[in-house]
Each structure stands twice: as structure tokens, then as C-alpha cells.
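Undergrad: Before we start, here is the structure in question, set down as C-alpha cells.
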Amino acid sequence: MRRMKRNLFILLVFMLFVSLTMAACSSNNEVNQSKQDENNENDLEKVTVFKSHLQKGTIPDSDDPHVQYIAEKTGVEYELMTTPAGSDATEQINYMIASEDLPDIFRPIGGVEQTLIKQGGALALDELLPKYAPHVWEKIPEEAWDVVRTASDDGKIYYIPKVFLVPERAPLIRQDWLDAVGLEMPKTVEDYKDVLIAFRDKDPNGNGDKDELPTSGREYGEWMDHLFAMFGVAMWEGSPDWDIYDGKINYAGTSENMRAAIEFIRDLYKEKLLDNETFLNKGEVWTAKINNNLVGSWYHLPANLHDRYAAMKVGAPDAYVAGMPLPKVEGYKGFVTQKSMGEAEWMIPATSEEKAASALKLLDFFYDDENEEFVRFGIEGAQHKVEDGKKVLIPPTDETPIALGMKNFTTEEDMNKRIEETFPEDEQRMVKDIFAVSTKDARRIAGDGLPATVYDGFPDIQSHKLFQEYLTKIVIGEWPLEKFDEFVKRWKESGGDTVTERVQEWYDKVNQ
């Protein structure tokens, strides 16, 4: 009996020992795992990314699935920064430069890339790109890198360029209005004027009021590029650009093509075929006129058409927007201005040199074709949902998390995918047709990629201030057309000739 009790005691002691040992091992494993998790977290390189003008949504934190997925794939955790509501992106970046508190990688706005390059505040990326961002390096054409190199005196690469191989902007016209007035798509400038007259007089919006605006633009003469494009004037959102005139690269604003375009626009204004509030229209007012079925012909971004089209259909269920081929003008070769490469898209400041490798690895993730589906659709439930076995993007709201996108390299194939993912099926053909029309008329201008440094010392030339003054006053009839010659003279004397010499030097350098 005593032996049995002794054996039972020994067994209990042994079991207690085993239990304590296992508990200790378990505790040690938990501690080790916790340390391992902490080490793994510490191994992540955190990179701040500044991207302005983001769509609706909330800024993701480190627990966000999108952030975590990219961190798992790259070893880099991104922290997204953006422009506060109501603030100006250019002012914010300039403030960050002045305070020497820049993000690790950012999208430069308003030519600030030139400020940093000139001040030695930009990091040269020539050796880093092939090593840490090989997909970026290989995907962007050598021609684009050559343009970027011309933006600095030492010929080095200080930023990653935007590359857009399809035209972004297009002349647009209400096809349902054409049908309502019984006219075909205009082929000549005379046809176009007849269309505008019919839009003015024949009530194509069908509301019984004479409230139609045949065509319209915005203050400073912006966003009516179609009226200049017919005359072969290189325009970018209402500002004259640089192209070949009389065999040399010149400012389109002083060309004879521009004079002819202004004369035509002046006549449209006089006959109320151009919205007489054009030079007063703020952006939101101009947009509201289009959305409320008051404008028959305008110029804008087809890729942004969805919300406007939805608004149109509230008051006009049969509304349909078409791309308008540029009407022919005798003696002029019209074109839609295309700027494909050279514009600064991403930049790494010299202050973030230690994180440059990680910043480029992050950027490279978005250019790697293996990640294309994730880049396009993001996380299920946050950025997309699955319907009938197909991923469908979820429209963003103020509450949905923003998913960082860093790739700005667009081909025709990319654009078609974007249309299919962001437009309902009944709108996809409409938008694709618009792009097909504008692509036929588009031409890349000679000044594509021109660095802002050519305007150093001449801010009024860069801002087109003088041009806007003369354009406005001549079009509304306050000044005679002959004042255009005075504008050309003043422009040249106020620095235009010097800027033209700089532009010519740049153009020769690019084309060597």
C-alpha cells in the first residue's frame, strides 16, 4: 500500500514537472514569436508618399490590407500623404521644401521639380533605377528618359516621367442634339458654324427655352481648345504651347495660326455661338452648364465623362456624347494637342537618399506586370467586389480607404481596360469611340517635355498673362483684331525672344 502511494506521488510530481516544462516552453515560444514578429515589423522600411488631388476616401494606416499586401511583397510599408481639403498642392509642396520636411517620394506640382534640381535638393536616379526599379526603367521608353535628361544642366535623371501614349483630351459634341436639329457631324469649319447656329436657334435640348449655349469655355479662355485646334494651334487646356511654325519651334500664341483662330472665335462670340459668359465661367459653373444640358460642343477629358453623362441623363434620357473629328479649315492643318512624355510624375528628394532604394522598390511594384491585377483591383471588399465571378471596382466614397496607385504609364490597351473597369457597359462603347476619333486627330507637339527653366526670370511669359489679356479683350470686342500685332510685339519685348532662344536650344538638344 505504501509502495502504491509512493508510486502515485512520484507520478504526480513527474506530471507536474512535465506540465511546468511545457508551459515554460510555450511561454518561451510565445516570447520568441513575439520577438520574431517585432523583428519582421522592424525589417519593414517605411516610406512616406505624397500624392496630391486624390479622389474620395480615407488615408490608410499600417493595418490596412492594401498597405500590408504591398509590404509583404516588397518589404516596404507606405504611408500616404495628400493635400488637405481646400488647400493648394503647389503651396503645400513649396512649404515642405522651405521647411526641409519633404516626403520620401512625391509627385511634383507646378514645376517644383525644377526648383529642387536647381537647388541641389533632388536625388539623381541614373544608377538607382536599373538596380531597384528595373520594371520602371525598362517600361518607360528611352525617348522619355532623354527628355527628362534635358531638364537638368548635368544631363542626369532627377524624376520619373509620366508617359501617356494616347490623347487625354478630345473635342466633344452632343450627338442627340445633332439628331434633334437634323444635321450630320460637321466636316468643315463652315459645317461646324452651321451646327452651332442650329444649336442656338432650334431648341435641341427640347425644354422650350432659348437657353442653349452652342459651345463654351472657361475663364482666361481655358478648355475651348477645339476652337484653336482647327487652325493648327498647339494649345494645352487653354494655354498656347510650343510647336513648329515656319520651320522653327515657336510659341503658338504669337503665330499667324493663332491670329486666324482668334478672329474665328471673335465672330462666334459676336453671334452668340460661343457662350458669352465664357471668360467669366469658373470651373464649377462651366461643368454645371454641361451637366444641365445647356452646352452642345466642348473640349475635355473623355475618361472623366461618367459623372457628367449621368447628370445629363437626368434631364435628357436620350443624351449621347460623341467625339467630334476636327472640322477642316482651308489653309490650315488642324490637330488635337498631345503631350505624351517628359512631365514629372515622381521625384525623390536628396534628403531621402537613405530611403531611395525602398522608395524605388515600392514604385517598381506598380510597374511589374505580375502585379497588374492587384494594382487595378486592390483588395476585395475595399476596392472591388466579385459579381458573377468577375472583379468589379467599387466606386470610392468618403469612407472607403484609398489604395495607393503610382503607375502613370498609359497605352491604348491600358485605356481600354480602364474604360471597361470604370464605365458601365452601356457607356463603354461611347467612350471608346470618342478616344478612337481623338486619336486620329492627335499629334504630339514639338514642345512636349519642355522644362520650366526656359521661363526663368519671365514669370508673366510662363503664366500666359499677356496672352490671356489680349485674347479676352479682342474676342469680346473691346479691342480690334489689329491689337494682336501689338500683343506679339509686347510679348517679344517682355522676354519672349529670350525664352524662344532657350526653347530652341532645348529642342536642338532633345533632337540630337
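The values are calculated or read from the model by the stated rules, or taken from the named source; none is laboratory data. From a predicted model like this one, the values you see are computed outputs, not experimental measurements. Every residue, glycine among them, receives a Cβ derived from its backbone with ideal geometry; neighbour counts consider all protein chains shown.
Undergrad: Give just the number: which of (1) over 18 Å from the mean Cα position of the chain (by Cα); (2) modelled with pLDDT of 90 or more; (3) assigned to a helix (DSSP H, G or I); (4) surrounded by 15 or more Cβ atoms within 10 Å (Cβ to Cβ) does Arg443 not satisfy?
TA: Only one criterion is unmet by Arg443, namely (3).
Undergrad: What residue, among those in the range 284-306 that are touching a helix residue (DSSP H, G or I) at 6+ places or on another chain (Cβ under 8 Å) and surrounded by fewer than 17 Cβ atoms within 10 Å (Cβ to Cβ), is farthest from Asp433 (Cα to Cα)?
TA: Checking each candidate, the answer is Asn292.
Undergrad: Return the residue satisfying two criteria in turn: it lies in the range 238-265 and is out of contact with any Phe, Trp or Tyr (no Cβ under 6 Å at 6 or more places or on another chain) and closer than 14 Å to His226 by Cβ, and of such residues it is surrounded by the fewest Cβ atoms within 10 Å (Cβ to Cβ).
TA: Looking at residues that are out of contact with any Phe, Trp or Tyr (no Cβ under 6 Å at 6 or more places or on another chain) and closer than 14 Å to His226 by Cβ, I get Phe264.
Undergrad: Based on this model, can you work out whether Glu190 counts as outside any loop (DSSP other than H, G, I, E, B) and of a type in the set (Asp, Glu)?
TA: Working: outside any loop (DSSP other than H, G, I, E, B): yes; of a type in the set (Asp, Glu): yes.
Yes, satisfied.
Undergrad: Please find, within the range 457-512, the residue that is surrounded by the most Cβ atoms within 10 Å (Cβ to Cβ) out of those that are free of Cβ contacts under 8 Å to residues at least 40 places away in the same chain and of a type in the set (A, V, I, L, M).
TA: By that ranking, first place goes to Ile461.
Undergrad: Okay, next question. Could you list, in sequence order, the residues of the range 165-192 that are surrounded by fewer than 16 Cβ atoms within 10 Å (Cβ to Cβ), of a type outside the set (D, E, K, R) and closer than 17 Å to Leu268 by Cβ?
TA: Within the range 165-192, the first condition is being surrounded by fewer than 16 Cβ atoms within 10 Å (Cβ to Cβ), and the residues that meet it are 179, 182, 184, 187-188, 190-191.
Retained after the next criterion (residues that are of a type outside the set (D, E, K, R)): 182, 188.
Thr188 - this is the single residue of the range 165-192 that is surrounded by fewer than 16 Cβ atoms within 10 Å (Cβ to Cβ), of a type outside the set (D, E, K, R) and closer than 17 Å to Leu268 by Cβ.
Undergrad: Of everything in the range 266-283 that's in a helix (DSSP H, G or I) and modelled with pLDDT of 95 or more, which residue is surrounded by the most Cβ atoms within 10 Å (Cβ to Cβ)? Before the answer, list the steps.
TA: Step one: list which residues in the range 266-283 are in a helix (DSSP H, G or I), which gives 266-270, 278-280, 283.
Narrowing the set further to residues that are modelled with pLDDT of 95 or more leaves 266-270, 278-280.
Working: Arg266: 19, Asp267: 13, Leu268: 20, Tyr269: 18, Lys270: 13, Thr278: 25, Phe279: 20, Leu280: 11.
Result: Thr278.
Yes or no, residue by residue, for (1) of a type in the set (Lys, Arg); (2) surrounded by 17 or more Cβ atoms within 10 Å (Cβ to Cβ); (3) within 21 Å of Thr74 (Cα to Cα):
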{"residue": "Ala322", "(1), (2), (3)": "no, yes, no"}
{"residue": "Gly334", "(1), (2), (3)": "no, yes, no"}
{"residue": "Gln338", "(1), (2), (3)": "no, yes, no"}
{"residue": "Ile348", "(1), (2), (3)": "no, yes, yes"}
{"residue": "Leu360", "(1), (2), (3)": "no, yes, yes"}
{"residue": "Gly378", "(1), (2), (3)": "no, yes, yes"}
{"residue": "Gly381", "(1), (2), (3)": "no, no, no"}
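Undergrad: Restricting to the range 81-99, count the residues that are modelled with pLDDT under 80 and charged (D, E, K, R).
TA: 1
Undergrad: Starting from residues that are of a type in the set (S, T, N, Q) and either crowded, with 18+ Cβ neighbours inside 10 Å or within 19 Å of the chain's Cα centre (by Cα) (or both), keep the ones in the range 415-440 and report whichever is nearest to Pro395 (Cα to Cα). It would help to see each step written out before you state the result.
TA: Taking the range 415-440 as the starting set, the residues that turn out to be of a type in the set (S, T, N, Q) are 416, 422, 428, 438-439.
Now narrow it down to the ones that are either crowded, with 18+ Cβ neighbours inside 10 Å or within 19 Å of the chain's Cα centre (by Cα) (or both): 416, 422, 438-439.
Working: Asn416: 18, Thr422: 8, Ser438: 27, Thr439: 28 Å.
Looking at residues that are of a type in the set (S, T, N, Q) and either crowded, with 18+ Cβ neighbours inside 10 Å or within 19 Å of the chain's Cα centre (by Cα) (or both), I get Thr422.
Undergrad: Looking at Asp275, Asp318, Asp307, which one is acidic (Asp, Glu) and in contact with an Asp or Glu (Cβ under 8 Å, 6 or more places away or on another chain)? Break it down stepwise before answering.
TA: Details: Asp275 fails: in contact with an Asp or Glu (Cβ under 8 Å, 6 or more places away or on another chain); Asp307 fails: in contact with an Asp or Glu (Cβ under 8 Å, 6 or more places away or on another chain).
Answer to the check: Asp318.
Undergrad: Has the range 217-233 got any residue that is within 28 Å of the chain's Cα centre (by Cα), surrounded by fewer than 23 Cβ atoms within 10 Å (Cβ to Cβ), closer than 27 Å to Glu505 by Cα and in contact (Cβ under 8 Å) with a residue 12 or more places away in the chain?
TA: no
Undergrad: Still on this structure, I have one more. Conditions first: (1) surrounded by fewer than 13 Cβ atoms within 10 Å (Cβ to Cβ); (2) over 24 Å from Asp368 (Cβ atoms); (3) out of contact with any Phe, Trp or Tyr (no Cβ under 9 Å at 6 or more places or on another chain); (4) at pLDDT 85 or above. Glu72 passes all but one, so which condition is the exception?
TA: (2)
Undergrad: Residues that are charged (D, E, K, R) and at pLDDT below 95: does the range 354-364 have at least one? Write out each step before concluding.
TA: Applying the first criterion (charged (D, E, K, R)) to the range 354-364 yields 354-355, 361, 364.
Imposing the further condition that a residue be at pLDDT below 95 reduces the set to none.
Within the range 354-364, not a single residue is charged (D, E, K, R) and at pLDDT below 95.
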